[in-house]
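Below you'll find the structure, written out as C-alpha cells, and then a few comments.
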Amino acid sequence: MDRALYIFYKDLNMHHQLEEVAGSFEILPFFLWSEWLNQDVDDTPSLRYRLALAKRFNDTVLPQGVNLLTGDVDIPEIISVCQLYKINDVFMRKHYEPREKEFQERLVEELTSFGIKCVLLEGYTAVPVGAVLKSDGTPYVKFTPYYHKWRTKLCASKRRKVEVNWTLQGLVPPILDDSSHVFVEEDFKALGKFLTKGWQHYSTERNYPYLDSTSHASALINHGGIAVSDLISHLLSLPVHDEIEAFIRQLAWRDFYITVLWYFPYSEDQNFDRRKKVNWSNQAMDFFVWCQGQTGYPIVDAAMNCLYDTGRMHNRLRMIVSSFLTKDLLITWKEGANWFKEHLIDYDLALNVGGWQWAASTGADSVPYFRIFNPIIQSEKYDPHGVFIQKHIDMLHGVATDRIHEPQKYGVPYFAQYVDHRLTQKNIGQYFQKVTITKN
C-alpha cells in the first residue's frame with residue numbers, strides 16, 4: 001500500500017473523517033504547529049492550547065509506537081519529508097484565512113512541480129464555503145438570510161467508522177507544550193455536560209457569565225479538538241427542540257464570518273464597510289486603561305481581568321468591552337482585535353475580526369452605529385448580584401449588590417469612571433451617524 005502525507009493544522013479532530021484517504025494509503029501524520037498562518041507572535045494561549053490538543057492526539061489516537069511528525073510552515077521541509085518517505089500524495093483540509101489560502105496555493109503549486117499530488121479536502125466548516133450564496137452567485141453579507149439558507153444544508157448524518165492505517169512506527173515522540181492540557185480537559189468535560197442536558201437552558205442562560213453554562217466548544221472547534229460538523233450532526237440527532245436550534249444558530253456565525261473573510265480578505269485589517277471613514281482617537285493611555293481593567297466600570301474591568309488571568313471571555317462580555325473600546329474610548333477595533341489575538345485561548349482570525357467589526361459598526365451585518373452598550377445597564381442585567389464582578393475584582397469583594405455596578409456613586413473605593421458613558425454615548429452616537437452616511 002502506498003503512503004500518503006496528511007497535514008494536520010487546525011483539524012486534529014478530523015482524523016476519523018478520512019474516507020477520501022483511508023483504505024487507499026498508509027497515512028503519515030504531519031502536524032503543522034506554527035502559528036505563522038494566523039499570528040504575528042510566537043507564543044500565545046491559543047498556540048499552547050493547540051499544542052496540548054496535538055499531544056492529546058499523539059497520546060490517545062495514534063497507535064502505540066506511531067507518533068506525529070511536526071513541522072513549521074516550511075514548504076521545502078514538507079517536500080523533503082515526502083522525498084524521504086517516498087510519498088507521492090499529500091492531503092490537507094482546506095482553510096480559509098488569507099494567509100492560509102496563500103500558503104495552500106503555494107503548497108499545491110510547489111508539490112505539483114515535484115510530481116507530488118496535493119488534495120485540499122473540505123470539512124473545516126459545517127457547510128463548505130461557497131455552498132451558501134445568493135441566487136446571483138454573490139456571498140451573503142447579512143447573517144439572517146445566510147443562516148436560513150445555511151440551515152437547509154445541514155443534516156444528521158451518522159459517519160461510518162474509518163480504520164486509518166497510520167504508518168512509520170518508531171519515530172521519536174514530538175516535544176509538544178502540554179501546559180494547557182488542563183484547559184483542554186476542562187472544555188471536553190464542560191462540552192459533554194452541555195450536550196447531556198446543559199443545552200436545555202441554553203437560550204435563557206447563555207448571556208449570564210456568572211452561570212458558566214455555555215458549551216465551552218469554541219476553543220475545541222477552532223483548534224481541532226472537535227469538528228463542528230460532528231457537533232452539529234450530534235445536535236440534529238437529538239429530539240427537535242427550540243434550545244438546540246438556538247445553539248445551532250450561534251454556530252452558524254462561525255461559518256458566516258469565515259465566509260465573509262474568504263470573499264472579502266481586505267476586511268482582516270480594514271473596515272468591511274469602506275464607506276465608514278472613522279477618525280479614531282487612538283489615545284495610548286485610553287487603551288492602556290482598558291487593557292488593564294481600570295476603566296471604573298466593574299463589568300468591563302472584570303471581563304478584562306478574566307481575559308488576562310484565564311485566556312477566556314464570555315461572548316456577552318466581548319460585546320460589552322468591544323463596544324466600550326470602540327465607542328466610549330473611540331479606539332480602532334484593530335487594537336482590540338490584536339489584544340484578543342494575544343490573550344484568547346479560542347482565538348480565530350475570522351471570528352475575532354467579525355466580532356470586533358460587528359461591535360464597531362464597520363463590519364458585515366454589524367450592530368447599528370446608535371447601539372452603544374451601557375456598561376452599567378449591562379452589568380445590572382447580566383450579572384445582577386455581582387457574582388462575576390466579585391470573582392475577578394478583589395477591590396469589590398463583599399460590596400452590596402445594589403452598589404457593585406456603580407460603586408463610585410455610593411462612595412465605595414474603586415477606580416474613578418474613566419469616561420462619562422452618558423456623555424460619550426451622546427457625542428459618539430452623533431459622530432458615528434455622520435460617519436455612516438459618508439461616501440467614498
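None of the figures in this text is laboratory data; all of them are computed from the coordinates on show. Bear in mind that the values here come from a model prediction, so they are computed numbers and not experimental data. As a convention, Cβ positions derive from the backbone with ideal geometry for all residues, glycine included, and neighbour counts pool all protein chains shown.
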Q) Do you know the relative contact order of the chain, to the nearest whole percent, from alpha carbon pairs under 8 angstrom that are 6+ apart? A) 18 percent
Q | Candidate aspartates and glutamates - alpha carbon under 17 Å from Lys142, same-chain residues fewer than 8 apart omitted | A | Asp255, Asp273, Asp365
Q. What does the charge count near His201 come to, summing +1 for each Lys or Arg and -1 for each Asp or Glu among other residues with Cβ under 13 Å from its Cβ?
A. -1
**Q.** Per-residue Cβ neighbour rank within 10 angstrom, fewest leading, Val108, Val90, Val387
**A.** Val387, Val108, Val90
(Q) For a test of the definition: using alpha carbon positions, the gyration tensor, and the 1.5 limit on a/c, classify the chain as rounded, prolate or oblate. (A) prolate
Q: When a/c is below 1.5 the answer is rounded, else prolate if a/b is larger than b/c, else oblate, so apply that to the stretch 209-300 with a ≥ b ≥ c taken from the square roots of the Cα gyration tensor eigenvalues.
A: oblate
Q) Once the Cβ-Cβ distance between Tyr410 and Thr144 is put in as r, and R0 is 45 Å, what FRET efficiency do you end up with, to the nearest 0.05? A) 0.60
Q. Want the number for Trp280 to Asn338: 0.36 nm per residue separation, take away the alpha-carbon distance, what's left?
A. 19.3 nm
Q | Reachable lysines, given that their alpha-carbon falls under 20 Å from the alpha-carbon of Lys55 and they are not under 8 places away in the same chain | A | Lys10, Lys189
Q. Among all helices in the chain defined by DSSP H, which have a length of 20 Å or more along the axis from Cα atoms plus a Kyte-Doolittle mean of at least -0.5?
A. 181-196, 242-263
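As a footprinting exposure proxy, order Ser46, Ser135, Ser237 by other Cβ within 10 Å, with the fewest listed first. Each step should come with its number before you reach the end.
Details: Ser46 25, Ser135 6, Ser237 10.
Listing Ser46, Ser135, Ser237 from fewest to most nearby Cβ atoms yields Ser135, Ser237, Ser46.
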Q: For each of Val73, Val127, count neighbouring Cβ atoms within 10 Å of the residue's Cβ, then give the residues from fewest to most.
A: Val73, Val127
Q: Report the local net charge at Leu12: Lys and Arg +1, Asp and Glu -1, summed over other residues whose C-beta lies under 13 Å from its C-beta.
A: +2
Q | Alpha carbon Rg of the stretch 351-440, scaled by the compact-globule rule 2.2 N^0.38 Å | A | 1.35
Q.
For the stretch 3-124, what are Rg and Dmax over the alpha carbons, in angstrom?
A. 13.8, 39
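Excluding Asn282 itself, what net charge comes from residues whose Cβ is under 15 Å from its Cβ, given Lys and Arg +1 and Asp and Glu -1?
Combined, the nearby Lys, Arg, Asp and Glu give -1.
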Q: Sum up the lysine pairs in the stretch 284-436 that clear both bars: alpha-carbon distance under 26 Å and a spacing of 8 or more or different chains.
A: 14
Q. Among the DSSP beta bridges whose two residues both lie in the chain, what percent are antiparallel, rounded to the nearest 5?
A. 10 percent
